[in-house]
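Chemist: Mind having a look at this structure? Questions to follow.
The values are calculated or read from the model by the stated rules, or taken from the named source; none is laboratory data. Source: prediction; values computed, not measured. Positions of Cβ are generated from backbone atoms using ideal geometry, with glycine treated the same way; all protein chains shown enter the neighbour counts. Just so you know, the surface numbers come from the protein's heavy atoms only, side chains and all, with ligands and any DNA or RNA stripped out. Shrake-Rupley method; radii C 1.70, N 1.55, O 1.52, S 1.80 Å.
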Amino acid sequence: MADAAAQNSTEQLLHLKLAFLAGEPPSCVLALAREAGGGSITPHVQNFLLETCTGSNVERCQDSTYTTVIFKKIISEVELSSNVVIDELYEEFAQRMLSEAKVSFLDKASHIYKEISFLSPTYDNIFPKRVSVVARLSCSSNMLEGDTGCSIWPSSLFLSEFVLSYPKIFSTKCCFELGSGVGLVGICLNHVGASKVILTDGDPCTLRNMKENMELNNLCIEREDSRALKESKNKVECKYLSWEEVSESDLWGYQPDVVLGADIIYDPVCVPHLVRVLSMLLRRDGRQGGTNGTSVDEFVYETEAPVAYIATVVRNPETFDCFATAAADTGLSVLNITSSTAPSRFLPYMLSYDRSSVQLLRISLLS
């Protein structure tokens, strides 16, 4: 019993640390802090958070204002409950308030760094093996400014979990992602052994940030004069791709086995262009592949014909219906496989991540 309790406590503290590094909303971090303290934020948990939030490695990757907000909320909650706030937390908070008072609004960074750790759903109680993949990402600090491509969305998390849950679909395959954003899915594709990872986006700022993220994760970005790429196992290409402007000849050099996309069905104006691009990418050497007479279990590992997997949150049913109609008119089969191939839970510490809102679609050419 004591060993089980100790293991549970260790797991809770791990979740708390990873939630902070992932930039989870402060309310979620506090909820995990209470859980780790058995219902309240104890001095032990406060000290753990203080060490977690102020380490030299953490300071380089996490936004100072974010850390200060968390400390402030912890102090307020503990004081209201008439519990003890450790002196070290008061001192650290006071120093941070003085430092931030000297920083003007214009000096604050427009991007913050997040560390997304995917936890193996099954492990053998050896603590270091609990973390399966770690993705370090530069993200927008303010989505209200329209920098949506540099943000992490639920569909991207879901698609990443899908890649890690079904590595056989992507291992040794050429994988092509549309609307790659921060590049999280690409990092997971590289982890499961994709032979080639092609990440694309139609926004130049997002593309620059994506390349920075690949370098942050020690992935070799393809360049025309790159000799190192030929010797590297981490082969990733970040490519500008405008759905409206791209032609079939632009894509001749790419013959992907798998096409991916997360939250790319969002604008009815873009839907026809998206369907056109999907259709071009799924046509390879004149071969076509459909799902007629094939069960989900049988075709989930099918690799002979190109296939697309799109994770999406249906925020506007009319937009989704527009996509479904355009896909059918173009000869694409769209099958919802959310329930039959639900990915494992690799992100149990991300309380803000609503998996239930995401749908997973399998798209192929009709035979």
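Chemist: So Met350 fits all but one of (1) part of a helix (DSSP H, G or I); (2) in contact (Cβ under 8 Å) with a residue 40 or more places away in the chain; (3) under 16 Å from Val313 (Cβ atoms); (4) open to solvent by 10 Å² or more (accessible area, probe 1.4 Å); what number is the exception?
Modeler: Just one mismatch for Met350, condition (1).
Chemist: Then there is this: Could you check segment 197-213 and list, in sequence order, the residues that are in contact (Cβ under 8 Å) with a residue 40 or more places away in the chain and crowded, with 19+ Cβ neighbours inside 10 Å?
Modeler: Result: Val197, Ile198, Leu199, Thr200, Asp201, Thr206, Asn209, Asn213.
Chemist: I would also like to ask the following. Given the conditions (1) at pLDDT 95 or above; (2) in contact with a Leu (Cβ under 8 Å, 6 or more places away or on another chain), and given that Leu164 satisfies all but one, which numbered condition is not satisfied?
Modeler: So Leu164 meets the others, but not (2).
Chemist: While we're looking at this one, here's another question. Taking Gly55, is it open to solvent by less than 30 Å² (accessible area, probe 1.4 Å), assigned by the TED database to the domain that holds Gly183 and at pLDDT below 85?
Modeler: no
Chemist: At pLDDT below 95 and under 21 Å from Asp263 (Cβ atoms), is that true of Cys188?
Modeler: No, not satisfied.
Chemist: Another question, then. Can you tell me which of Ala328, Ala311 is at pLDDT 95 or above and under 21 Å from Leu241 (Cβ atoms)?
Modeler: Ala311
Chemist: Look at segment 161-192 and say how many of its residues are surrounded by fewer than 24 Cβ atoms within 10 Å (Cβ to Cβ), part of a loop (DSSP other than H, G, I, E, B) and touching a helix residue (DSSP H, G or I) at 6+ places or on another chain (Cβ under 7 Å).
Modeler: So the answer is 1.
Chemist: For segment 356-367, name all the residues that are closer than 19 Å to Ile152 by Cα, open to solvent by 50 Å² or more (accessible area, probe 1.4 Å) and in contact (Cβ under 8 Å) with a residue 40 or more places away in the chain.
Modeler: Hit for segment 356-367 is Gln359, nothing else.
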